[in-house]
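Everything on this sheet refers to the single structure shown next.
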Amino acid sequence: MSNDFVNKFSLDYYREIINKGKKLNYNFCTVNDYYQLGCPKENYIVIRHDVDIQPGSVQQLVDCEKNLGVPATYYVRVCGSPYNLFDYSLFKTFKEAENLGFEIGLHSNPVEFAKINNLQTIDVICSEVEMLSQFFNVKSMACHRDMNYIYNSLPFVEDNWHVIKKKTGLKCQAYDKLFFSNSVYVNDGVHFFI
């Protein structure tokens, strides 16, 4: 990625990207909605945010997307996170986003959490989904890996997806091969743009 792109990426540039997509008649939808549509190959934009470390930009992103009339998916961490999802203002932001049609999903590194805490990986996933589902309509998950990760949870999730889906009621996981066979995936990287 060129430094010009990194230096240009800002909230204003993000608005430009969304407005250009709208002008070109792209459909915007959440991860789960896109998956339920069969991952159409053309004219769709799925906005996905993995809330990894510091959720300080979440409110600004939600406000931007709300003002532009586009939904997004926010993947949030329950276990092993350096932020508290249930902080009053952060929780309120996510509830308001969900009420606007945004998707709130689980962002997890269940293999690492299970190994560190001597737990069963499937139990970690089920517990996280259950906790999050007490407050949100959780339909999907995305695996998380820290920059210094030791354990990659994605192979476990892929190999055990039929069990996870049955036990949790999740509809899809964000790294399903169908997403990548039908779509162009663009990542905002570490997104220190706000």
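A few notes on this one:
- Within the straight-line cut-off of under 24 Å between alpha carbons, the lysines reachable from residue 166 are 115, 139, 177, sequence neighbours fewer than 8 places apart in one chain being disregarded.
- The helix-based estimate of mean residue ellipticity at 222 nm for the chain, built from -39,500 (n - 2.57) per DSSP H run of four or more residues and divided by its residue count, is -13000 deg cm²/dmol to the nearest 500.
- Candidates 171, 95, 115, ranked by Gaussian network fluctuation over the chain, Cα under 10 Å, top entry: 115
- Seen from residue 183, the other residues with C-beta closer than 14 Å to its C-beta sum to a net charge of 0, counting Lys and Arg as +1 and Asp and Glu as -1.
- For region 14-56, trypsin sites (Lys or Arg not before Pro) are listed when DSSP marks them as loop and at most 11 other Cβ atoms sit within 10 Å of their Cβ; the list is 41.
- Global geometry of region 1-156, whether rounded, prolate or oblate, following the gyration tensor of its Cα atoms and the 1.5 cut on a/c: prolate
- Residue 81 sits with roughly 30 Å² accessible to a 1.4 Å probe, with DNA, RNA and ligands left out of the calculation.
- Helix axis angle, 121-133 relative to the chain longest principal axis, alpha carbon, degrees: 50
- Taking other residues whose beta carbon is less than 13 angstrom from the beta carbon of residue 160, and scoring Lys, Arg as +1 and Asp, Glu as -1, yields 0.
- Between 0 and 90°, nearest 10: helix 88-99 axis offset from the chain longest Cα axis: 70
- Across the chain, the mean sequence separation of Cα contacts (distance under 8 Å, 6 or more residues apart), normalised by length, yields a relative contact order of 21 percent.
- Simple spin-label estimate for residue 145 and residue 175 gives 0.6 nm between the two label positions (7 Å along the Cα-to-Cβ direction from each Cα).
- Gyration tensor verdict on region 1-82 (Cα atoms; rounded if a/c is under 1.5, prolate if a/b is larger than b/c, oblate otherwise): oblate
- For residue 28, the residues whose amide H sits under 5 Å from its own are 45, ignoring neighbours fewer than 5 places away on the same chain, with H placed 1.01 Å from N.
The values are calculated or read from the model by the stated rules, or taken from the named source; none is laboratory data. Owing to the predicted nature of the structure, the values given are computational and were not obtained by experimental measurement. Here the Cβ is made from the backbone with ideal geometry for all residues, glycine too, and neighbour counts use every protein chain on show. Ligands, DNA and RNA are stripped out before the accessible areas are found, and what is left, the full protein with its side chains, is counted by its heavy atoms. Shrake-Rupley method; radii C 1.70, N 1.55, O 1.52, S 1.80 Å.
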